[in-house]
Amino acid sequence: MFIFGSPLTRAQSSAVITQAGAGRLEWQAPSNASCTIEWAESPTSTWHSSWAGLSRVVTTNGFGGVLLPMFFRVCYSSAELSEYRFVESLISPYGLVASRPGECYTTVYKNALAALVFIHYAKPDRAERIFSVFQAYADATTPFTGLPQCWNPCTGSPFPSGSNVGDDSFLLLALSCYMTEYPASTACTSLLQKVKLSLRDRAVTNMIAEGAANAYAALKPYAGEDGISQAMSKYRQSFLNDVCYSNVLDHTVRGALVFGDVAGFRQMHRFAATNTWAYDGTTIVRGFADSQWDTGHETNINVEITVQLLLAWSLWRSELDDDLSWIEGETARLSLPQGPDCAGLPYFVSARISEWTPPAYATPIVDPVVFMLFYRWGFNPFSPGQRCAAFGFQ
């Protein structure tokens, strides 16, 4: 449950509320959300119920007979609220978000995902704390060629690790989203510039497709700047050189959400799997593995990739014959409660030969939870507001 006040702007919810003129309110709910909107003249006065399930409400002379401004309360499904609270529960004293509860390990990628969540729910201070940790490292490093991929959220310091183009690209996506929402802020302009230029300078045509697609999308908003379009062309060529829709499901997701190529969906049946959840030994779940190589078929469901596929399908469903809406119900069966109104999803469904401690099937992790939130919002992290990043630039 989130409370809005005047002025009416996008605030602590997936709903987007704008005032488009005196006495006019427009409310747009995410396509996959189940919500009710209520109103009151103040947060302490009587709340009045509104219409449930409507995607758009427009009035010309107030709302429910009460003239603007007023306060709104948007009540979302318990699933979305519990997922947000799970991400929130992972915040460390240093501002970084841990990978899993109680774990002193995280990555730039995971924190970029969390920052996108905090920006969406109008918690810019939480995103800024993440950015400030990375900013401190960037300021102390000359020349800056990228951030260490792996970090200790319990100390706010990096582990000895190299930089990763894919991770840094997601950080730039989050920084760009932050600047779009808060254009007057100067909290992360220096970090944004450094990460952007490092990605420009690291562009090659022979890297893994996932990282290349991430970088292409991250640089797209800056295509008119010096050297950026040339770097984007290299990253696109790198994706084309490495992409293999029949062996890596990640490529199908990137192909659709970054380049507008849905050909990979014709191969997704190769990754379909049914697992018995090792957590309880009884729950049978359908989903998708992340890869299939010539050495054999990988049958362990990867929950993050499965949810990413659901997101990509939801944004491109008009172009596709398959119905993947069933994924939402299947992943809901994997929910791992972490407290009141707080639950997450595991990374894998069945046990693996080389297992994490605690097991990946038994402990919730931030990555799939964030992508489930993206699905609920109808949000493409590679290109907010569009089905793919390549529109207008190839």
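Listed values, structure above:
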item	result
Two-site label geometry, residue 89 and residue 282: point separation in nm, points 7 Å out along Cα→Cβ	2.3
Length released on extending from residue 386 to residue 122, taking residue separation times 0.36 nm less the Cα-Cα span	93.0 nm
Gained length - residue 325 relative to residue 190, 0.36 nm times residue gap less alpha-carbon distance	44.5 nm
Label-point gap, in nm, between residue 263 and residue 225 - each point 7 angstrom along Cα→Cβ	3.2
Cα→Cβ-extended label distance, 7 Å offset, between residue 333 and residue 270, nm	2.7
Distance between the range 208-261 and the range 111-176 - C-alpha centres, whole angstrom	21
Under 18 Å from the Cα of residue 220 - aspartates and glutamates, other chains or at least 8 residues apart	167, 168, 181, 201, 210, 261
Average Cα contact separation per residue, the range 79-377, under 8 Å, 6 or more apart, as relative contact order %	17
Sorted by Cβ density within 10 Å, fewest first, the residues 254, 387, 317, 236	317, 387, 236, 254
FRET efficiency estimate (nearest 0.05) - Cβ-Cβ, residue 351 to residue 201, R0 51 angstrom	0.75
FRET efficiency for residue 155 and residue 299, using Cβ-Cβ distance with R0 set to 41 Å, rounded to 0.05	0.65
Most to least packed among 362-368, 259-265 [average Cβ atoms within 10 Å]	362-368, 259-265
Mean Cβ neighbour count within 10 Å, used as a protection proxy, ranking 168-178, 348-358, 192-202 highest first	168-178, 192-202, 348-358
Residue-count net charge about residue 191 - beta-carbon cut-off 13 Å; Lys, Arg +1, Asp, Glu -1	0
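Read-outs: derived from the displayed coordinates by stated rules, not from any lab. Because the structure is predicted, anything quoted here is derived from the model rather than measured. Don't worry about glycine lacking a Cβ; one is built from the backbone with ideal geometry, like all the others, and counts go over all protein chains shown.
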